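Here's the structure we're looking at; comments come further down.
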Amino acid sequence: MNKLVIILGPTAVGKTDYSIETALKYDSPIISCDSRQIYKEMTIGTAVPSAEQLDSVQHYFIHSHTVTELYTAGKYELEALELINRLFSEGHETLVMAGGSGFYIDALVNGLDDFPSADLPLREELMRRLREEGVESLRLELKALDPESYATIDIANGQRVVRALEVCLMTGKPFSSFKTSPRKARDFEIEKIGLTRPREVLYDRINRRVIQMIDDGLVDEVRSLTAYRDLAALQTVGYKEIFDWFDWQDGLTSGPVAGFAAGRRGGSPGDGPVTSLDRAIELIQRNTRRYAKRQLSYWGRDKDIRWLEL
């Protein structure tokens, strides 16, 4: 039977190098499973593989879509399955998938429930509220409408909260009530390999990666995306914090109160204004470490993963 090897793990653990080694072993391309590296406008802040790494093995779903088009895990499930089946039909016996987006991996492995289509005007309104009120206000509304989803989804992820709340408001039913479909069968074997490192090593790698992103031009990349900052794709660690710094700089022209409000817009309670690039870097490092912790917690429930410490 054909096999799909999925290499997963927290951000900065070393998935790219390991997946390239594995792909070369099986003479396979790499099917990326990263919900941000798919966007052609986002390179530095998403840690897209280097040109040399991309040249060493063919990659799919890297810079394949644009931030201006709504992309979902459901679309990924359909497009990735079509690609996988085509590659198997062309003679590949083993394929390698790599990424850190747990929801996308679950969509590919298990299939998604039949959620209602997006209500774009409602989503835009909720995204506006997310920007202006912060995620806490939306979390409390979700808790009142759907306590089960509040207890199970990543409530620190504003985009996830928006989607769950959107379904609740547009259907009058809890988001969790749609999660009833059985696991979908796949006609190929799936092996999951999870990569880990000691926490202090992983956190050091994260901190150093953020500094490297800044050196590589992250600030200019974020500035080039200002026109798109309200899109879902840009509600991402590494971009939000720089935008908050830009807001503070812009707010200074309108007085300290405006600057403080702008600096707090996308942050967590107690973060305070992002008054300098150094502060933005600190927040990116902290929020990335928190993201890595949530990734590991998410996968901790999956007994099918074979863990490998690097």
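The values are calculated or read from the model by the stated rules, or taken from the named source; none is laboratory data. Just so you know, these numbers come straight off a predicted model, no measurement behind them. Backbone-built Cβ (ideal geometry, glycine too); neighbour counts: all protein chains shown.
Within the option set LEU78, LEU24, being in a helix (DSSP H, G or I) and at pLDDT below 95 holds for one residue only, LEU78.
Among what's in segment 1-56 and is acidic (Asp, Glu) and under 19 Å from the mean Cα position of the chain (by Cα), pick the residue that is nearest to GLU221 (Cα to Cα).
Filtering segment 1-56 for residues acidic (Asp, Glu) gives 17, 21, 27, 34, 41, 52, 55.
When the remaining residues are screened for being under 19 Å from the mean Cα position of the chain (by Cα), the result is 34, 41.
Values: ASP34: 19, GLU41: 8 Å.
Among those residues, the one meeting the criterion is GLU41.
Could you grab me the full set of residues in segment 47-75 that are of a type in the set (Ser, Thr, Tyr), in contact with a strand residue (DSSP E or B) (Cβ under 7 Å, 6 or more places away or on another chain) and assigned to a loop (DSSP other than H, G, I, E, B)? The answer is THR66, TYR71.
When VAL167, VAL162, VAL210 are checked against the criterion of being touching a Phe, Trp or Tyr at 6+ places or on another chain (Cβ under 7 Å) and either outside the structural domain of VAL96 (by TED's automatic domain parsing) or surrounded by 15 or more Cβ atoms within 10 Å (Cβ to Cβ) (or both), VAL167 stands alone in meeting it. Scanning segment 19-33 for residues that are hydrophobic (A, V, I, L, M, F, W, C) and over 10 Å from VAL57 (Cα atoms) turns up ILE31, CYS33.
For segment 6-28, the candidate set comprises residues that are in contact with a Leu (Cβ under 7 Å, 6 or more places away or on another chain) and not aliphatic (A, V, I, L, M); within that set, the residue that is nearest to ARG289 (Cα to Cα) is PRO10.
Counting only residues that are assigned to a helix (DSSP H, G or I) and under 15 Å from ASP278 (Cα atoms), segment 227-246 holds 7 of them. Within segment 279-308, the set of residues being in a helix (DSSP H, G or I), of a type in the set (Gly, Ala, Ser) and surrounded by fewer than 20 Cβ atoms within 10 Å (Cβ to Cβ) comprises SER297 only.
Specify which of the listed residues (ASP187, ASP215, ASP204) is loosely packed, with under 13 Cβ neighbours inside 10 Å and either aromatic (Phe, Trp, Tyr) or assigned to a helix (DSSP H, G or I) (or both).
Working: ASP187 fails: either aromatic (Phe, Trp, Tyr) or assigned to a helix (DSSP H, G or I) (or both); ASP204 fails: loosely packed, with under 13 Cβ neighbours inside 10 Å.
Residue meeting the stated conditions: ASP215.
Screening ASP271 on (1) surrounded by 14 or more Cβ atoms within 10 Å (Cβ to Cβ); (2) assigned by TED's automatic domain parsing to the domain that holds ILE206; (3) at pLDDT 75 or above shows it passes everything except condition (3). Using beta carbons and a limit of 8 Å, which pairs, at least six apart or on different chains, have the first residue in segment 119-146 and on the phi < 0 side of the Ramachandran plot and of a type in the set (Lys, Arg) and the second one at pLDDT below 85 and not in a helix (DSSP H, G or I)? Pairs that qualify, where the first residue is on the phi < 0 side of the Ramachandran plot and of a type in the set (Lys, Arg) and the partner is at pLDDT below 85 and not in a helix (DSSP H, G or I), are ARG128/ASP230; ARG131/ASP230; ARG131/ARG265; ARG131/GLY266; ARG139/ILE155.
For segment 101-131, filtered to residues that are part of a loop (DSSP other than H, G, I, E, B) and either crowded, with 17+ Cβ neighbours inside 10 Å or modelled with pLDDT of 90 or more (or both), the residue that is nearest to the chain's Cα centre (by Cα) is SER101. Given the conditions (1) of a type outside the set (Val, Ile, Thr); (2) at negative phi; (3) buried (at least 17 other Cβ atoms within 10 Å of the Cβ), which single one is not true for SER64? With (1) of a type outside the set (Val, Ile, Thr); (2) at negative phi; (3) buried (at least 17 other Cβ atoms within 10 Å of the Cβ) applied to SER64, the lone miss is (3).
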